[in-house]
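Right, one structure below, let's go through it.
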Amino acid sequence: MADADRDQPSDTMRERAEESTWLLWVLLDADRRFVAGLFSAGLFATLVVVGVLHPTPGQKLLTRGDPIETLYQALITGTITGVTLVLTLSQLVLSQELGAVGDQRDRMAGAMTFRSDVADAVGAAVSPAEPSAFLRSLVRATKEHAQEVEAAVEADDLDQNLTDLLSTYLDSVVGNADTVTDQLEGANFGEFDVVKAALNYNYSWKLYAGRRIRKEYAEELSDEALDRLETLVDTLELFGPAREHFKTLYFQWELSNLSRTLLYVAVPALAVAISAQVFFDPRDFANLTFGVANSLWILAITTTVSLLPFTLLLAYILRIVTITKRTLSIGPFILRETDRSVDVNWD
């Protein structure tokens, strides 16, 4: 096993991410309503600043031609079309839950089989029903199996390089498992905490490294150590589909929240845009407030409110696509760049 392969990537998603801490916080951790508020505040500030800095006074700009009518017509059309498309796509995704009784029975059978496999892996009669407890039991089981491997190899007379390699690998499994177990404690499904903790468990690298160690050092490790290592690898393999399943459920949960929120916001946004188009005449608001034409303030406010459905959509989709990008593969595939050497086929 090459020296470069001993250097695993960081366990937590934040350490593996190329984005800055604050950007990752906006993309994933921050409340979506707060993020939508940030986008709306930025839009409002941009409109006011551009209107103030433009060499032509804002009042004159808004009364030249028909920019107001054109703007609000576009906002009304865009809001109706955008909300309709989003709701349609959301319902299309959620329609995957619909199906004939036979299909539902197959899904049920598959879920029960998987739960039974997990129960065997974690040494429980029945696997937990709550998502965070389910993932926590799996992660804790990988820690216990890693400790069993460590106990098995202590009795073997191994080469120092292999001993160091196993120690580094097993310590990584145990340390990462402890961190993720603490993060999953008390986490509620429907919030981002469960998925975030699952993303912080770097199981794909651990699965890859465990399989390589088992293949490359099969002749040097005892039968007991190989059996323990195989059990650890099998448990890591169960974590992948479990994470993907709960990630899919979370996406469906988020899309449901997005659809409901858009319905709440779309009607007020349309009411503001329609009212502004019908009743707002910049010539009626020629006075200044804080040195800025009142017509420019009204334009910025009504435009920002009319675009609330879009800013909310952007806030929700940013989180979904960020999670999707970081979980494109399942199993021992490392899509990001690493220092790992080119491998031969160990299978």
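Of the conditions (1) closer than 30 Å to W25 by Cβ; (2) touching a helix residue (DSSP H, G or I) at 6+ places or on another chain (Cβ under 7 Å); (3) open to solvent by 10 Å² or more (accessible area, probe 1.4 Å), E244 satisfies every one except a single condition; which number is it?
(2)
Could you figure out which of (1) open to solvent by less than 30 Å² (accessible area, probe 1.4 Å); (2) touching a Pro at 6+ places or on another chain (Cβ under 8 Å) isn't true of F239?
(2) is the only condition that F239 fails.
Of the conditions (1) modelled with pLDDT of 90 or more; (2) part of a loop (DSSP other than H, G, I, E, B), A286 satisfies every one except a single condition; which number is it?
Condition (1) is where A286 drops out.
So which residues in segment 183-202 are open to solvent by less than 50 Å² (accessible area, probe 1.4 Å) and among the small types (G, A, S)?
A187, G190, A197, A198
Cβ-Cβ under 9 Å, sequence separation 6+ or interchain: first residue in segment 58-85 and closer than 24 Å to Y264 by Cβ, partner charged (D, E, K, R) and part of a helix (DSSP H, G or I). Which pairs?
none
Just give me the residues in segment 88-127 being in contact with a Leu (Cβ under 9 Å, 6 or more places away or on another chain) and modelled with pLDDT of 80 or more, in sequence order.
Listed by number, the residues that qualify are F114, D117, V118, A121, V122, S127.
Only one of (1) at pLDDT 85 or above; (2) open to solvent by 70 Å² or more (accessible area, probe 1.4 Å) is not met by A74, so which one is it?
Among (1) at pLDDT 85 or above; (2) open to solvent by 70 Å² or more (accessible area, probe 1.4 Å), the lone unmet condition for A74 is (2).
Let's see how each residue does on (1) part of a helix (DSSP H, G or I); (2) without any contact (Cβ under 8 Å) to a residue 40 or more places away in the chain; (3) open to solvent by less than 40 Å² (accessible area, probe 1.4 Å); (4) touching a Gly at 6+ places or on another chain (Cβ under 9 Å):
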{"site": "I298", "(1), (2), (3), (4)": "yes, yes, no, no"}
{"site": "T303", "(1), (2), (3), (4)": "yes, no, yes, no"}
{"site": "P309", "(1), (2), (3), (4)": "yes, no, yes, yes"}
{"site": "L312", "(1), (2), (3), (4)": "yes, no, yes, no"}
{"site": "R319", "(1), (2), (3), (4)": "yes, no, yes, no"}
{"site": "T322", "(1), (2), (3), (4)": "yes, no, yes, no"}
{"site": "K325", "(1), (2), (3), (4)": "yes, yes, no, no"}
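Out of all the residues in segment 82-93, is one or more out of contact with any strand residue (DSSP E or B) (no Cβ under 7 Å at 6 or more places or on another chain) and under 13 Å from L299 (Cβ atoms)? Don't jump to the end; show me each part of the working.
The initial filter retains those residues of segment 82-93 that are out of contact with any strand residue (DSSP E or B) (no Cβ under 7 Å at 6 or more places or on another chain), namely 82-93.
Next, from what is left, pick out any that are under 13 Å from L299 (Cβ atoms): none.
No, that holds for no residue.
Scan segment 203-215 and give yes if some residue there is under 30 Å from T324 (Cβ atoms), touching a Phe, Trp or Tyr at 6+ places or on another chain (Cβ under 9 Å) and open to solvent by 30 Å² or more (accessible area, probe 1.4 Å), otherwise no.
From segment 203-215, those under 30 Å from T324 (Cβ atoms) are 203-212; that's our starting set.
The next check asks that each one be touching a Phe, Trp or Tyr at 6+ places or on another chain (Cβ under 9 Å); those that pass are 203-204, 206-212.
From what's left, open to solvent by 30 Å² or more (accessible area, probe 1.4 Å): 211.
Yes: segment 203-215 contains one or more residues that are under 30 Å from T324 (Cβ atoms), touching a Phe, Trp or Tyr at 6+ places or on another chain (Cβ under 9 Å) and open to solvent by 30 Å² or more (accessible area, probe 1.4 Å).
Tell me which of these R260 doesn't satisfy, since it passes every other one: (1) open to solvent by 60 Å² or more (accessible area, probe 1.4 Å); (2) under 19 Å from the mean Cα position of the chain (by Cα).
Going through the list (1) open to solvent by 60 Å² or more (accessible area, probe 1.4 Å); (2) under 19 Å from the mean Cα position of the chain (by Cα), R260 breaks only (2).
Taking segment 52-72, which residues are under 40 Å from the mean Cα position of the chain (by Cα) and charged (D, E, K, R)?
E69
Filter segment 149-196 for residues that are modelled with pLDDT under 85 and among the aromatic types (F, W, Y) and give the result.
F189, F192
Is at least one residue of segment 256-273 free of Cβ contacts under 8 Å to residues at least 40 places away in the same chain and touching a strand residue (DSSP E or B) at 6+ places or on another chain (Cβ under 8 Å)?
No, the conditions are met nowhere in segment 256-273.
Among the residues of segment 114-130, which ones are β-branched (V, I, T) and more than 27 Å from the chain's Cα centre (by Cα)?
The answer is V126, and nothing else.
Do we find a residue being open to solvent by 10 Å² or more (accessible area, probe 1.4 Å), among the acidic types (D, E) and more than 24 Å from S116 (Cα to Cα) anywhere in segment 226-233?
Quick first cut of segment 226-233, residues open to solvent by 10 Å² or more (accessible area, probe 1.4 Å) only: 226-228, 230-231.
From what's left, among the acidic types (D, E): 227, 230.
Those left that are additionally more than 24 Å from S116 (Cα to Cα): none.
Looking for residues that are open to solvent by 10 Å² or more (accessible area, probe 1.4 Å), among the acidic types (D, E) and more than 24 Å from S116 (Cα to Cα), one finds none in segment 226-233, hence no.
Just give me the residues in segment 174-199 being without any contact (Cβ under 8 Å) to a residue 40 or more places away in the chain and among the polar types (S, T, N, Q), in sequence order.
The answer is Q183, and nothing else.
Among helices (runs of 4 or more DSSP H) lying entirely in segment 145-262, which contain 3 or more residues that are small (G, A, S)?
Details: elements: 160-184, 192-199, 203-216.
Qualifying helices (runs of 4 or more DSSP H): 160-184, 203-216.
The values are calculated or read from the model by the stated rules, or taken from the named source; none is laboratory data. Predicted, not measured: the structure shown is a model, and the values here were computed from it. Positions of Cβ are backbone-derived with ideal geometry, glycine not excepted, and every protein chain shown enters the neighbour counts. The area values use the complete protein model at the heavy-atom level, side chains included, leaving out ligands, DNA and RNA. Shrake-Rupley method; radii C 1.70, N 1.55, O 1.52, S 1.80 Å.
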